Every structure is written in structure tokens, then in C-alpha cells.
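The values are calculated or read from the model by the stated rules, or taken from the named source; none is laboratory data. Every value quoted in this text rests on a predicted model; they were computed, and no experiment measured them. Ideal geometry is used to build each Cβ from the backbone, glycine not excepted, and the neighbour counts take in all protein chains shown. The protein model used for the area step is the full one, side chains on, heavy atoms only, and it has no ligands, DNA or RNA in it. Shrake-Rupley method; radii C 1.70, N 1.55, O 1.52, S 1.80 Å.
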Protein chains: 4
Amino acid sequence: MSKPYPPVHYSDYLKLEQLLSAQKLKSDEYGKHAHDEMLFIIVHQTYELWFKQILHELQSVAKMFENYVDEKNIGTAVARLHRITEIQKILIDQLRVLETMTPLDFLDFRDYLVPASGFQSLQFRLVENTLGLKRENRLDFDKQAYHTRLDKGEQKKAQAAEESPSLFDRVEKWLERTPFLEFEKFKFWDSYREAVNIMLSGDRAIITSNPSLTDTDKEKQFKQLDATGADFDALFDSKKHEQLIKEGHRRLSYKALQAALLISLYREEPILHMPYRLITTIVDIDELFTSWRYRHALMVHRMIGMKIGTGGSSGHQYLSATAAQHKIFADFMNLSTFMIPRSELPALPKDVVKNLGFYYSQK
Amino acid sequence: MSKPYPPVHYSDYLKLEQLLSAQKLKSDEYGKHAHDEMLFIIVHQTYELWFKQILHELQSVAKMFENYVDEKNIGTAVARLHRITEIQKILIDQLRVLETMTPLDFLDFRDYLVPASGFQSLQFRLVENTLGLKRENRLDFDKQAYHTRLDKGEQKKAQAAEESPSLFDRVEKWLERTPFLEFEKFKFWDSYREAVNIMLSGDRAIITSNPSLTDTDKEKQFKQLDATGADFDALFDSKKHEQLIKEGHRRLSYKALQAALLISLYREEPILHMPYRLITTIVDIDELFTSWRYRHALMVHRMIGMKIGTGGSSGHQYLSATAAQHKIFADFMNLSTFMIPRSELPALPKDVVKNLGFYYSQK
Amino acid sequence: MSKPYPPVHYSDYLKLEQLLSAQKLKSDEYGKHAHDEMLFIIVHQTYELWFKQILHELQSVAKMFENYVDEKNIGTAVARLHRITEIQKILIDQLRVLETMTPLDFLDFRDYLVPASGFQSLQFRLVENTLGLKRENRLDFDKQAYHTRLDKGEQKKAQAAEESPSLFDRVEKWLERTPFLEFEKFKFWDSYREAVNIMLSGDRAIITSNPSLTDTDKEKQFKQLDATGADFDALFDSKKHEQLIKEGHRRLSYKALQAALLISLYREEPILHMPYRLITTIVDIDELFTSWRYRHALMVHRMIGMKIGTGGSSGHQYLSATAAQHKIFADFMNLSTFMIPRSELPALPKDVVKNLGFYYSQK
Amino acid sequence: MSKPYPPVHYSDYLKLEQLLSAQKLKSDEYGKHAHDEMLFIIVHQTYELWFKQILHELQSVAKMFENYVDEKNIGTAVARLHRITEIQKILIDQLRVLETMTPLDFLDFRDYLVPASGFQSLQFRLVENTLGLKRENRLDFDKQAYHTRLDKGEQKKAQAAEESPSLFDRVEKWLERTPFLEFEKFKFWDSYREAVNIMLSGDRAIITSNPSLTDTDKEKQFKQLDATGADFDALFDSKKHEQLIKEGHRRLSYKALQAALLISLYREEPILHMPYRLITTIVDIDELFTSWRYRHALMVHRMIGMKIGTGGSSGHQYLSATAAQHKIFADFMNLSTFMIPRSELPALPKDVVKNLGFYYSQK
């Protein structure tokens, strides 16, 4: 291991002088040293470093999905997205470190920071936009803050990320290209709809003929069954789907949704295995950001109570609202609504199975 | 270490035969073994074991606060409440284990379990009630489920816990007994109000005389200042406080709130140190249950999508609503709204300081 | 979702009466209630529940690898092994809960438990044996305790697990069956050895011709290069390998080791992707048990200091020694010793690549 | 909240330009972009930021203990040390992020970094030295690396920290000043020794008179009792203690050890409560660094196998040896060796209890 590269020193390599001179306490500047301001700065700096890493991964994955995706690369994409989830766990756990600062200690330097605020983190905006959060889906305050709180150069970068195809867009296109929705004689959507219908009428027959149920019980169960039926009706009607998209209840295109369902239901087939993990890992990322937003809101609640944030936001209530609202891949999370038990799943034709397997095993 | 106690064997001591024979899979009973049902059972059983431990701690602490509380015991109370928080972290992290079960795997046995549901966990109800969640503060569905989903014996126990003084009640009474609110010549509430007023008018003067602010800026800052002032006005008006209690915005009695604020602001004084940690640890518990409820809701969303839960609840949206609604100690979390910087805090008179210190140091 | 299964109640399903009546405090039996004994029991019971779950997963995976392994099943095997790692993280984190019990609190009931000890956990022995820990590789005290501390029935079960093929054995056989070591004209071992030699002599040439190195530097670098060379020589000599096995330095058969290396180096090829994750997840499990043992030893050190454990072991030093010694899959962890950079890896012939890909993509 | 401080922007405050331009990949410099090098840099940079924060806390606490310690400050000291433990948990958990980089991915840029190594982290040396790790207690390789791997300026700083009083030194002095070891008529050491003797001879009598024990059993139990007795003999003999210090088995002065034991045994007394938490939190810190070293060693093992580290260390075996060897506060961890059950503890005289309480409660 002795290539002719010039020797490297740890502190040069990591640019420690530059890194460790970037903590300038405002309280020191004003001659009123507040011990905990160091923590405040360092916690936020580690967040920004992690955001940089998340962007590095996201952008590399988005690029992989630019055009045709080599099956080999899906493994790499999944590994990089999985890395993001491991970082997100740290982002969440780190809040505990910040919570060792008490509200009273925060007051020792809070006034000096106005109106700086996490809303001004360009990198976090880039993460949101690269994942695929759309301006119109942001909460009102956030839409507005987004415009006004960044400086010109930052706005430009945020907007560029907004206008470039996001991970959402690229994964959607990739799903739409799935060749297996209509594959030789196998038409997934028809088979699946039939299976759903058989399942639902079987359920109905069972309720009807069950002697141990009272009429009230039966009525209740029929009602539940009807609700399930209505969910599926909406699924099988592409116009209804378009309507739901217009109303903001769904986002994924009809074809991409079908592909995502196919992958989820037949994930044991070798060629669908990694695509399944891709979808799952994307849901992990969405779930972890949602958790992080919510935990962050709780921390803010605790730190400043009902006060307005340094950046002028209405504080913790706004933040916890973003947790629910700023999910990007909710359609993937909702897939389980439409899953049917393995025992009811239509079997795949032999030649389809062959095509979904490895060359070596099938030849 | 060889007392004449009969020798003990690990598996007898832990009743392993009893413990490890308590996993009976419904899917096995119906002859359709579903591998993941074991996980489902064991995860829920570990939850119930931890709930038992949490109750064990909560009840012992509630008992300590039954009457006069020996200062020595506050340390023990804090240690036991802190233990609850360590358990809660496990409750949250354990969700990751359950999330290794995929929605499709859950469908392999989900039908067998209807209508069993976490709503039927008596112990969790006891935890909520012992902490101090009141029936009227539960979300509607929960109020109802609470009546109907438990069996008779369970209802009785849940009701008994509801009617006994909760941790909230006892801590409130203990706070009200604080001797330091009016102590010799020191009247905390008056001094504190004065300090707040000085702070606010100082802020006003600063804005007025600041040449670098435009009129629009000034207006904006005055508006913010007025909002802060209004918050404090509501605090200093006991009638307003009663009104807020009636409307469900506050719960803690006026006197207890004052004591909690006193403790938070002067926590460095030795005799207030452990009371401060008590309040903080109670907020930790509330925050961690809130986090757990929210994470649980996300997990349910992912597992069953928009479907109705096995227990008939409207699923994840209901669960995430409980996260926000079922906080018990929000008044403690909100204390930071009313904190003022240390530099503005009224100094305590010497003889008060003496009384708040240790005997040995003061004598 | 309304099949004719009889309605199920949460507490019946989870056998809560049985579960929650299994905590009998010795200190209560002797009339000297020790508050923390409940924690001690419940923590150990949750451990045993998790051990049951780990065994459930391990046994199912071992069974899958009994004979020929369908490629589809590798995904399931990896998912189940991954679940074990998520459980192990909980096992480690739970130690923090136990650590909320102080040494003095432990002394309140410690005498009553003699000579019960974690050494008597049959399930933990079964986990070790199912993974593949061999009696002769146990530390001396453990070998002995293993015989004497279990009762007859337990010994029989532990021994049966010891004598059945372990996960180690089955994964080893599966690796040995890999068809790709010699595949058509591609002979992995030869190509790889050649690549190693080219890399090593390239390194040598670079050192020799580097004008900026002093003679001392060169000597040092040659020495390091020789060490690397010696490592590889031992790898390429099957007799040497047998010798290392005899001496207890390696355990995996020569052919299985080659296969594991092949999989690790060419893991991007679709058919090798899941096998690579299998190996990695097994290393995760080994690493997490090692971490757990070590953390457990620290906890014991803290709890009883230099005292002898209730079970008569020499305490924390013994326990931390098992961490290093009781690794089972060290050969997998050591694979990185023999990895060479991607840029030096021999390219696979086209027809081999085809065979390692999906049928659909290649046909 | 609108003081006349100039407005602050998030990215200026956090010096994001400086921070986020400090990641320069060697692989980019050499024109062979290695995707994972970014992760490698960022993980290490977050470590260095956290080390800075740990030093900030450690130095402030060491300063507090410089001379006489105001009781009020012990609360602050404990809070800051506790914060260090929360950071350490992140240091440990972060290893999982680094472990998402596979050995093969590391090889893509590993050669470029030689001989940079974590041994060259000045800040980590400062943390060790500020805590109180002594040069002579370092492992041999570490002693040496310590001299040679840092550059001149770094060496000077490390040495300065080594020569300044460490946290260990200051806490030791503070313990020695405890006024309660001989307090009025109460002589702790005598009372405690007597209690130990009573306990031991009680145990002996019980064994002797126990009819259900065989002679072999009795012999075994006497032997165990003798071992315990010998431990205590060594404790009560100050010359023996000095001897153990000389041999490197103990480090804390005889008087400080007595004080630490007093605090641990009577921690319920108000004035001893925070000192007890101080000791406990220091043990937490030592335990967490030990865990971190061990987990780090496992990660290195996995990443480079049996190879020599980039810094020329013999790799993971060396690193895991530091875990055991580089404990600083082992004497505190060992305190539990000498604890006796509460039921055997000598009761404190009334006037001592009074002095250990609060002024207000006692007056």
C-alpha cells in the first residue's frame, strides 16, 4: 500500500484549521460570554455537514436515474439512500444533545441571533427540493419564508433545484418504464383487479352465511367491506386517480402507481427485489424526515414555549404541521392500502417468472 | 455473600417456562403458519412488560408525593422518573424492529386478529391515567374506545386509576405548598412582574431610539413586543388564568404555575435543584410519549396505509392526533414562554439565599 | 377484512395474565421489598423474549440453507437476519435501562439470587450454538460452566443444538457449492492471484523508482509490502490454510473462503448481490453480539466492581474476554484483508457477466 | 425580544462558506473521483467538531474545580459532564454511518491518505489529557505514536494539557477536602470498617450453623468469604493502598477514595446528592469512551481486516486494547466492590444528618 502519493497529514486532510476556527460566538463579540452558545453553533454546523453529505448522495442517485437505469446500479442507489437513513437517525438523536441546553441558558444569547433561523438553511431547502417537495405543497408560511428569507444567490440555487427533475420525478419515470405491467400474455392490472374482486365477494359470502353473527354485526361488517371496496374502486378508475391528483391527494402517475404495486406484491422475484428495496428505502427517508421534523418541533416547543421563533415563525405548531404536510412520497407509504394477502395473489405465468429470474438459473 | 437463602436457578427465578410458553400464534391454530406472527406477539409482549415497569415506577413516585415530601425522596423520585425516560427510548427504538415486518407479511395473519387492538391495553390506559390524562381531554374516538373496548374488570381498574390522584395532581399540590413564593420580605411574583415590566419597557425604548430602523421595521418590532406583553399580561392576571383553564388551554393551578416558574428561574439554588430536575424529567416523559405516539402513527400508516385498524380506529391520522392532544404536562413545557434572561432576573435577598442553601455551608 | 374467525381480545391474544404474573420478587418473598428487583426481573425477561425471537429467525434461516437454496429465498434469509440485527441494537441499548439501577440498589436483593446467573440462560446457549460457536472455542470457564450450570434437560437441548449443523456450517456448504469459481473459461482463483501479483510488483517498482524516498523510507515500505505479500502467500497456499485452521486461526474451508471473496469482489453483479448482503448481515450479527458482550461486561464491572458474579464467574474480565474470543464469523470479517482495489480487479468475461445477470436483461 | 443588535443571517453566523468548503477529496485531486471519500471526510469532521465541544465542556468544568467549589456550581458541572455523555452516544452511533462504506469502497481512495491517521488528532489527545490519561498509562505503541505523529506545535499543546492539572487531579483534590470524613463525633472510616466486620462475621456464623450445607459447600462458601475479606483488608490498610498505586492497580489517593465511598453510600443526604451524580457522570464518560474505543476497533477490523492501519498501527487489536487500558476513572468504577447493603450501613448521627441537609428544612 505504498503508492507514490505525497504523505498526508490528518489535520491538513480534514482542513482542521479552517473547520475549527469557524465557531465565533456572538456573546463573545458583545463581551458577554454565554457558555452554551458554542453548543448551539456546533450542533448546527454538524447538521449542515450532514446535509452536505445527504445532498452528495441524493444528487448521485438522481443522476443514476437520469435515463435508462442499469440493473447493477440499483444496488448502489439503494446503498446510498440507505446511508441517508443512517444519517437521518443521527440527525434525530442529535436533538438530545441540543436539549441539554435549557431554555434559560438559551436566553443568555438568543437576542443576539435575531433574525437568523433554520429557515435560512439553503442546504435543507436543496435537500427538500432534490427529493421533490414542490413549492405549492409547502405550508403557507414556508412558501413565503422560502422566497424572502434566502438571499439572492441562495434563492437562485434553491429555484434551480426546484426546477430540475427531482428524485421523485426520476423514480416516477423509471417506474413508468417497467416492462412487466403488460408482459407477453400477463396483464398485471387485470389479474390483480380480478383477484381483488374475488377476495371482496368471498368476504361478502362469508359474512352472509355466518350463523354466529347478529344482524347488527353483519351490517357493521358490510359497511367496512363497502369502504374497502370504495378504496379499490378509486384505484381501478384512472379518471378518479387524475381527480385525486388534481385535489392533491395523490401525486404519482397512474402507471407508476401500478408499477410500484406490482413490485411490492411480487418482490420475491429476483429482478424485483432491489426495486422493492429502493421503494422501501425511499419511504424510510420520508418517514425519518417526518420524525425529525416532529421531534424538532417538540424541542422548539420546549425551548421557547409559545414564543415566536428567532426567524419570526409561529414556532412549534408551524413546525409540527410541516411534519405531516411535507411528506413527499406519501403515495409509496399508502401502497399498503391496496395490498392483498399472498394467498389471494394471482400466480405469475411460468414464462414471466423465468424472465424475472437470473439468467444462470433459468437458462 | 453467602446468606442462608435457598439456591436459586435462573430459569425458575425468571419463570421462563411460564414466560416462554405465552406465544401462541393464531396462524398456527388455523394451520397456516405465518412466520412473522411470532415477532408481532413478542414485540407487543415486551411493550407490556415495559408498561408494567413504568407503572411500578409511576405508582411508587405518586405515593411518595402523597403527603409531605421529604427532600431526600425527591432524588429517588427523579431517579425513578428518569428510568421511565430510558425505558421510553427503548419503546421508541423498538418500533424499528416491528418495522422489519412488511405490510404483505402482516397480511398473512392480520385477519385472524380482528378486533384485537392496542386500544385494549389496560396497562397503557393505567399509565395514561396515573400520569394524569383526563377522560375529557381524550380525543373523541379514544373517549369512546376507552369505554367500550376494555372488558368489565379492566374498565373498573382503568376507572379507579382515573379517580385516584394522578402524578399531575400530586405534583401540583406539592408545588402549591412551596414555602418560597412569599418568603420573609421576598415576594416572588411581585419582583418577577416588576422585572418583566422593566425588561419590556427597556425593549420599547431601544426600538424607539434606534436610528437604523425604518418605520416599518419599528412597527413590526413593536407588534412583536406587544404580543410578548400580552402573553405576560395573561400570566399576571389570575382571572385570565382561570379563564384559560376553563377553555382547556391551561391546567395547572395559578399557584402551582408560579412555583414551577420560581423553581425554573432559580434552579441554581441548592434546595431548588432537585425540584427543577423533577419538573424537567416530567417534561421529558411527556415529550417521549408524544414522540412515541407520533412514531407509532407513522409505523401504522406504513403498515396498513389508509385502511382502518384491526380495532376499528380510523388508523394513523387518529393516532398522530393523540400525539398532540394527549400531552399532560404541557404547562410545564410552556414555562419557557415566560422565562426572562438571567441578566434581568431579580436578585434574591441574602437571607432567602441562605434558606435555599445547605445547612453546613450556611451555619 | 371480515373473515369468520372468532373475535380476538388483545389481552387473551398476548396471554397477558400469564405474562404479567411472571414477576415474583425474591425480596417480597423474604418480606424485604426491594423496589429495583422488579426492573432486574423485567429487563431479563425482555432479554429472554428477544432471544426466543432471535432463535425463531435463526432456525428458520438455517432450515432454508439445509439443502439447495432457491435464489428467491436468499432475500427472505437476509431480511430475517437483518431483523436479528435490529433486535441486537435493542439488546445493547437496553443495558442503559438496567444501568439506572445503582450498585447500592442491587445490593438490596443480590444475596437472594445466588447462584442464579446469566450463564444459566439456555436460550442464549442455543443462539450461540445455532450460529455455530463450538465448545472447543469457548473460554475455559465458559466450557465448564456450560456443562455444569444447566440442568439435565437444558444440557440435552444445548447439546442437540451443538450437534446439529449450525448456520456457520450451512452457509459454508452453500458457499462451497457456488458454481462461479470455475465457470466456463473463467477461473476466479487464478485471475485473482495474477491480479494480486501484478498489484504487488507494481507497488515494488514504484517504491524502487521513487526519487523522493530516502533509503530508510524505502526499506520501511518494502517491509510493509513484504508483510502484505506474506498475507497473500498464506491465502494462495491451501496447505497453509489447512494449517491455520488446525491452529484455530481460520475456520472456513478453503473453497468457501474463495467463494466468499468472489462474492465480495463482484457484488455488483445481480446474482451476487443478495449473497453479498447475506455475508455482510452475518458479519453485522457477529459484530453486534461482540459489542453486546463488551457493553455487558462494562455494565457488570460497574455494578459489582471486582467482586465475583452471582454465578461464581470472575466477573467482568471474563465477560469482556468472551467478546473477543466468541466471534464465530471472524473469517468473514477478515475478508477485507484480501480485497484489492476495483481498479486492479480482473474484468469478468462477457459470458460470465451474462450468466450473473437477469434473464430478462440478457435474453 | 428586539434588542438593537445588528441582524444576523444564518449562513454568516454559522460561517457556512468556510465550513462547507473544507471538504477536499484527494481522489478528485488525482482525477479519480471516489464517491465515498466525501463521507469519510465529513464523518471525521463531525468527530472533530464534537471533540471541540467536549473540550469546551471539560475545560470549563476543570476550571470550576480549580479551587474551592461552590455547591451551586456542582449542578452546573454535572450538567456539562452529562452533556458530554450525550455527545459520546452520538460518537458511538455515528460509527454506523461510517460502516455504510464497504471495504471495497474504502480501497478506492485509501492509498491517497497514507500516512494520515486518527492518531494525529490533536483534539482527541487533548480530551484524553484533560480527563487525566497519563503518558505512562498509555499502551506502548500509543506512547510512541503520541510523540512522533503530532507535529511540533501540536506536541506542545498536547504536552501542556498533560502537565496541567486534569479533571482527575481536580476531582481528587476536591474529594480530599470533603469535611464529612471526620465530622464532629462521626468517624466514617471507623464506623464503616466496623460495619464491614460485623457483616463478614455474620456471614461466617450463618455458614457454620447452616445444617443444609455439605462440608464441601461450606468450604466453598468460606473460600468466597475469605476472598471478600481480603479485598476489604486491602482497603483498610493505607500501606497496601500505596502499594497498589505503585503497581498501577489504583490511582486515587487514600483519602479521596474514602470520600468517594462516603458519598456513594450516603448519597440520599441532600448535600451529597450532586457529588454522587458527579462521580456517576464521570464514570459514564469513562464507560462511554471505553465503548467507543471498542466499537471503533470492531469497525476498523471490518474495514481493513488484519491489515496495518494507514497510520502504521497494528490495527484493530491495538485499538481494542486501548479500550481496556485507557480507562481513567477505574477507581470510581471499582467502588461497587466495597459497597455494603443499606441494611448493614452504620446510621449517621442526628447532627451529622442535620449538617448534610438544607438550611431551611433544618433550622
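Once the label point is set 7 Å along the Cα-to-beta-carbon vector, what list of distances in nm do you get between residue B:243 and its counterparts in the other copies?
Ordered by distance, the counterparts are at 4.7, 8.0, 9.2 nm.
Kindly provide the helix-only [θ] at 222 nm of chain A, computed as the sum of -39,500 (n - 2.57) over DSSP H runs of four or more divided by all residues, to the nearest 500 deg cm²/dmol?
It comes out at -20500 deg cm²/dmol, rounded to the nearest 500.
When a/c is below 1.5 the answer is rounded, else prolate if a/b is larger than b/c, else oblate, so apply that to the range C:214-283 with a ≥ b ≥ c taken from the square roots of the Cα gyration tensor eigenvalues.
Values: a/c = 2.99, a/b = 1.56, b/c = 1.92.
Here the range C:214-283 falls in the oblate category.
Summarise the accessible area of chain C (1.4 Å probe, protein heavy atoms) by the percent that is carbon and sulfur.
Answer for chain C is 52 percent, counting heavy atoms of protein chains only.
Sequence gap at least 6, Cα distance under 8 Å: using those rules, report the relative contact order of the range C:161-315 to the nearest whole percent.
Value for the range C:161-315: 20 percent.
Among the GluC sites (Glu not before Pro) within the range B:163-231, which fall in a DSSP loop and have no more than 12 other Cβ atoms within 10 Å of their own Cβ?
B:184
Sorted from largest down, give the three principal axis spans of the alpha carbons of the range B:269-308, whole angstrom values.
Reported extents, whole Å, longest axis first: 53, 12, 7.
What does the copy distance list look like for residue C:177, label position 7 Å along Cα→Cβ, in nm and ordered from shortest?
3.6, 7.2, 7.3
I'd like the residues of the range D:190-220 whose 1.4 Å-probe accessible area shrinks by no less than 50 Å² going from the isolated chain to the full set of protein chains.
So the qualifying set is D:203, D:206.
Have a look at the range A:141-285 and give its Rg and Dmax from the Cα atoms, expressed in angstrom.
Expressed in Å, the Cα Rg and Dmax of the range A:141-285 come to 21.3, 72.
For peptide D:58-69, what's the mean number of Cβ atoms from other chains within 10 Å of each residue's Cβ?
Working: counts 0, 0, 2, 0, 0, 0, 0, 0, 0, 0, 0, 0.
Average per residue, whole number: 0.
Once the label point is placed 7 Å from Cα along Cβ, list for residue C:223 the distances to the corresponding points in the other copies, in nm, shortest first.
Inter-copy label distances (nm, one decimal, shortest first): 4.8, 7.4, 8.4.
Take the protein assembly as shown, compute every pairwise Cα distance, and split them into 20 Å bins from 0; I just need the percent in each bin.
Answer for the protein assembly as shown: a P(r) of 9, 35, 40, 16, 1 percent.
When the Kirkwood radius is taken over all Cα pairs of the range B:1-152, what Stokes-Einstein diffusion coefficient follows at 25 °C and 0.890 mPa s, in µm²/s? Numbers along the way, then the final one.
Numbers: Rh = 18.8 Å.
Roughly 131 µm²/s, to the nearest whole number.
How much accessible area per residue does the protein assembly as shown have, in Å², with a 1.4 Å probe?
Accessible area per residue, the protein assembly as shown: 39 Å².
Starting from the range A:176-261, pick out the trypsin sites (Lys or Arg not before Pro) whose DSSP state is loop and whose Cβ has at most 10 other Cβ atoms within 10 Å.
Counting only loop positions with at most 10 other Cβ atoms within 10 Å, the trypsin sites (Lys or Arg not before Pro) in the range A:176-261 are A:185.
Compute the label zone of residue C:344 within the range C:256-291: residues whose backbone N is under 20 Å from the point 7 Å along Cα-to-Cβ.
C:258-268
For the rotation taking chain C to chain B, which residue of C has the Cβ nearest the axis, and how many Å away is it?
C:46, 2
Need one value for A:85-98: mean number of C-beta atoms belonging to other chains within 10 Å of its residues' C-beta atoms.
On the way: counts 2, 7, 7, 1, 6, 7, 0, 3, 7, 8, 1, 7, 10, 2.
Mean inter-chain Cβ contacts per residue within 10 Å come to 5.
Peptide C:286-299: average number of partner chain Cβ atoms within 10 Å per residue?
The per-residue average across the peptide is 4.
On a 0 to 90° scale, report how tilted helix D:270-304 is relative to the longest principal axis of chain D, with both axes built from alpha carbons and the result rounded to the nearest 10.
40
Please work out the ratio of the alpha-carbon Rg of the range C:52-105 to 2.2 N^0.38 Å and round it to two decimals.
1.64
How much FRET efficiency would the formula 1/(1 + (r/R0)^6) give for residue B:362 and residue C:144, where r is the Cβ-Cβ distance and R0 is 60 Å, rounded to 0.05?
Once rounded, the FRET efficiency stands at 0.50.
Beyond 22 Å, what percent of the Cα pairs of the range A:280-363 remain?
The calculated P(r) of the range A:280-363 puts 56 percent of pairs beyond 22 Å.
What are the equivalent ellipsoid semi-axes of chain D, built from the alpha-carbon gyration tensor (square roots of five times its eigenvalues), in whole angstrom, biggest first?
Output for chain D: semi-axes of 46, 29, 18 Å.
In angstroms, what radius of gyration and Dmax does the range B:110-206 have, counting Cα atoms only?
Over the range B:110-206's Cα set, Rg and Dmax evaluate to 22.7, 70 Å.
Counting protein heavy atoms only and a 1.4 angstrom probe, how many square angstrom of accessible surface do chains B and C bury in total, to the nearest 100?
6900
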